[in-house]
Amino acid sequence: MKQTKIISVIAVICGCIAVLSTNAATLPAGTTITVSTVSAFSSKTVVGRTFEAKLAQDVAVKGHVLLKAGSKVFGKVASSRYNPRKNDPLTVELISVSVNGRNVAVKTNTFQPGSPPRTGRQAQYGHTAGTLMITPGTLMQFQLLQPVTL
């Protein structure tokens, strides 16, 4: 009798795991993710500093919405002009997206917010004049470099 109950419990657990694994969704590489910044930062922010954003629009694959607009997203500053000896442009990348209360790591391309350089010299050295401020509500668009299983 006890063996029958144990086998039944194990069968139910295995069934639940099988259902959950078939419900897992994958965002393919190349999927576009558009975000709106929540926190402010600038072209002189320390490299590696994280920032918060939210999805500006739903992310759908084959007509099924996998990430809803408004979901939390986190990114980091990939390069900046924090070091005065370097004239690196401000670039950012996404590092995770919040799915059902858990953060899922993502790998995206880098994005360079702001306007393009104004002069040939600025373009040559990869920067714009002055400090570029990224304010809450700034839209940025990224592409996934690797598939992400949600």
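Among residues other than ASN103 whose Cβ falls under 14 Å from its Cβ, what is the net charge (Lys/Arg +1, Asp/Glu -1)? Walk me through the intermediate numbers first.
On the way: positive: LYS54, LYS72, LYS76, ARG102, LYS107; negative: GLU52.
Residues close to ASN103 contribute a combined charge of +4.
Just to confirm a number: summing +1 for Lys and Arg and -1 for Asp and Glu over residues other than ALA53 whose beta-carbon lies under 12 angstrom from that of ALA53, what do you get? Mind dumping the intermediate values first?
Working: positive: LYS54, LYS72, LYS76; negative: GLU52, GLU93.
Result for the local shell: +1.
If Lys and Arg each add +1 and Asp and Glu each add -1, what is the summed charge of the other residues whose beta carbon sits under 13 Å from the beta carbon of LEU150? Display every interim value, and only then the final one.
On the way: positive: LYS68, ARG102; negative: none.
Neighbourhood net charge equals +2.
Counting other Cβ atoms within 10 Å, keep those with at most 15, restrict to DSSP loop, and tell me which trypsin sites (Lys or Arg not before Pro) in the stretch 81-110 are left. Please list the in-between numbers first.
On the way: sites: ARG81, ARG85, LYS86, ARG102, LYS107; in loops: ARG81, ARG85, LYS86, LYS107.
Those satisfying the criteria are ARG85, LYS86, LYS107.
Measure up LYS44/LYS86; LYS54/LYS107; LYS54/LYS86; LYS44/LYS72 against 22 Å on the Cα-Cα distance and list the ones that go over. Write out the running numbers ahead of the final one.
On the way: LYS44/LYS86 11 Å; LYS54/LYS107 16 Å; LYS54/LYS86 30 Å; LYS44/LYS72 24 Å.
Cα-Cα > 22 Å for LYS54/LYS86; LYS44/LYS72; rest within.
When only Cα pairs under 8 Å and 6 or more residues apart are kept, what is the percent relative contact order across the stretch 25-73?
Working: 64 pairs, mean separation 16.7, N = 49.
Computed value for the stretch 25-73: 34 percent relative contact order.
Each reported figure results from applying straightforward, stated rules to the coordinates on display, with no laboratory input. Given the structure is predicted, the values throughout are model-derived calculations rather than measurements. We place every Cβ from the backbone using ideal geometry, glycine too, and count neighbours over all the protein chains shown.
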